[in-house]
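Below you'll find the structure, written out as structure tokens, and then a few comments.
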Amino acid sequence: MTPLDLLQWYNLVYAIPVAFGILAIAGSALGFGDHEGGHDHDFGDGHDGHLEHDHDAGHEHDNGHEQGSGTKILSAIGVGRVPLSILLAMITMIFGGTGLIVNIVLDSLGLSAGIMFIFTCPVALIISLVLSGLMARLVGRFMPTTETYVVKKKQLQGSVGTLITSVDSRFGLLQVRDRFGHLHQVSCRTISDGAELAKGVQVLLAEYNEKEGIYYVSEFRD
């Protein structure tokens, strides 16, 4: 494949994602990916919230099957394990790289551009999602889920955050600020079999599971 071949439409659809992924990683490394949300919480390491636990062990979710399927898919592709900018960069780079490699192989077999696209696109998409999920699990062990490295994850325990997705005992994401004001996005679960909490609810990060890299949370009530 020559440089001019990359400008062909059937290669360009994969070359552009590779370029985007490279720029996203470069931007993240330079600090451009550290976006802060509009939810400010005033807390410190010694935060003492007035927390009430009201868990019903027999609680059942009306939409349990739908919630379970969606959250499993998000978790499988790496959502919540690494910063979103890093995850998108990995997906686009793997998608584009895989597409270009498969196109080279198919082009050598003399297939037309249309046939190559029909075959290559779904293959590249599946491989990118699978590999990005595996890489996110590996990378997530060594870095926080936002581009903030000032505090250790365990130091966020006892802080108050805001849910950016609904949370149950299987999946959830929240945003929380450390004592320096830096924004973190972390994975969370409800304590035991607690009731599902809706997006936007303020929660107390009651316990950190270092092995799983997740926080157990309960609804925060002033």
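The values are calculated or read from the model by the stated rules, or taken from the named source; none is laboratory data. All values reported here derive from a predicted model rather than from experimental measurement. Virtual Cβ from ideal backbone geometry, glycine too; neighbours counted across all protein chains shown.
Consider only pairs whose beta carbons are under 6 Å apart and that are at least six residues apart or on different chains; among these, list those whose first residue lies in the range 163-181 and is in contact (Cβ under 8 Å) with a residue 40 or more places away in the chain and whose second residue is assigned to a loop (DSSP other than H, G, I, E, B) and polar (S, T, N, Q).
Qualifying pairs under 6 Å: 172/165; 173/165; 176/159.
Among the residues of the range 111-120, which ones are over 15 Å from residue 8 (Cα atoms) and either surrounded by 14 or more Cβ atoms within 10 Å (Cβ to Cβ) or more than 29 Å from the chain's Cα centre (by Cα) (or both)?
119
When you go through 130, 102 one by one, which is the residue that is over 30 Å from residue 214 (Cα atoms), at pLDDT 75 or above and either buried (at least 16 other Cβ atoms within 10 Å of the Cβ) or among the aliphatic types (A, V, I, L, M) (or both)?
102
Could you tell me which numbered condition residue 151 fails, if it satisfies all but one of (1) assigned by TED's automatic domain parsing to the domain that holds residue 180; (2) modelled with pLDDT of 90 or more; (3) among the aliphatic types (A, V, I, L, M)?
The one condition residue 151 does not meet is (2).
Take the range 174-222 and flag every residue that is surrounded by fewer than 21 Cβ atoms within 10 Å (Cβ to Cβ), among the aromatic types (Phe, Trp, Tyr) and in a loop (DSSP other than H, G, I, E, B).
180
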